[in-house]
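The values are calculated or read from the model by the stated rules, or taken from the named source; none is laboratory data. Keep in mind the model is a prediction, meaning the values are calculated, not measured. Here the Cβ positions follow ideal geometry from the backbone for every residue, glycine too, while neighbour counts run over all protein chains shown.
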Amino acid sequence: MPNAPRKKTAGKKKTSKPKKDSAPPGNSASRLIDQRIKELGDWRGEMLAKLRALIKQADPDAVEEWKWDVPVWSHDGLICTGESYKQIVKLTFAKGASLADPSHLFNSSLEGNTRRAIDFHEGEKIDEKALKALIQAAVMANTSRARR
């Protein structure tokens with residue numbers, strides 16, 4: 001029935017969702033990250049805020065972005081994403097498999113050839129020095145590739 005009338009939805013207006021790979025127009029990534037932290041409203045929001053601060057301390061030139069509906073930090077390439085789940089906050093390093101991890105922070109996504117992640121649980125203490133070193137190693141890996 002090519003010419004059959006379309007069924008109308010009762011009072012519902014069809015709207016297109018913003019693409020999940022970038023920030024919606026008019027919303028800066030930093031504001032969206034602030035909003036995510038506030039939305040979480042529990043230990044996960046506090047943890048994400050703490051991780052964000054550590055990323056900025058480790059690399060003041062890191063750029064905050066919003067991709068795949070999660071916070072992303074970049075510097076000459078992707079450093080890491082910050083995802084929140086029911087039981088964990090996860091930092092996923094895009095090129096983590098190629099980074100030295102002498103403090104053994106990576107505890108998730110260990111089977112892949114590229115990514116590595118760190119799952120943070122409620123009440124867990126962050127090894128700030130080791131995490132900053134790992135972030136700086138990721139930046140160094142990105143900047144050395146960018147120069148080639």
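Checking L54 against (1) over 17 Å from K125 (Cα atoms); (2) part of a helix (DSSP H, G or I): exactly one of these is not met. Which one?
For L54, the failing item is (1).
Which of the residues spanning region 124-133 are more than 14 Å from V89 (Cα to Cα) and either out of contact with any helix residue (DSSP H, G or I) (no Cβ under 8 Å at 6 or more places or on another chain) or small (G, A, S) (or both)?
D127, K129, A130, A133 - these are the residues of region 124-133 that are more than 14 Å from V89 (Cα to Cα) and either out of contact with any helix residue (DSSP H, G or I) (no Cβ under 8 Å at 6 or more places or on another chain) or small (G, A, S) (or both).
Kindly indicate the residue of region 26-42 that is assigned to a loop (DSSP other than H, G, I, E, B) and loosely packed, with under 12 Cβ neighbours inside 10 Å and also modelled with the lowest pLDDT among those meeting that condition.
Among residues in region 26-42 that are assigned to a loop (DSSP other than H, G, I, E, B) and loosely packed, with under 12 Cβ neighbours inside 10 Å, the one modelled with the lowest pLDDT is G26.
So, D69, is that one touching a residue at least 12 places away in the same chain (Cβ under 8 Å), under 17 Å from V139 (Cα atoms) and among the charged types (D, E, K, R) or not?
No; evaluated as a whole, the condition is false for this residue.
Filter region 58-82 down to residues that are touching a Leu at 6+ places or on another chain (Cβ under 8 Å) and not aliphatic (A, V, I, L, M) and give me whichever is nearest to F120 (Cα to Cα).
Here the answer is G82.
Within region 107-123, track down each residue that is touching a residue at least 24 places away in the same chain (Cβ under 8 Å) and either farther than 26 Å from L40 by Cβ or touching a helix residue (DSSP H, G or I) at 6+ places or on another chain (Cβ under 8 Å) (or both).
R116, A117, I118, F120, E122, G123, listed by residue number.
Just a yes or no: is a residue in region 93-105 touching a Ser or Thr at 6+ places or on another chain (Cβ under 8 Å) and under 23 Å from E46 (Cβ atoms)?
Within region 93-105, none of the residues are touching a Ser or Thr at 6+ places or on another chain (Cβ under 8 Å) and under 23 Å from E46 (Cβ atoms).
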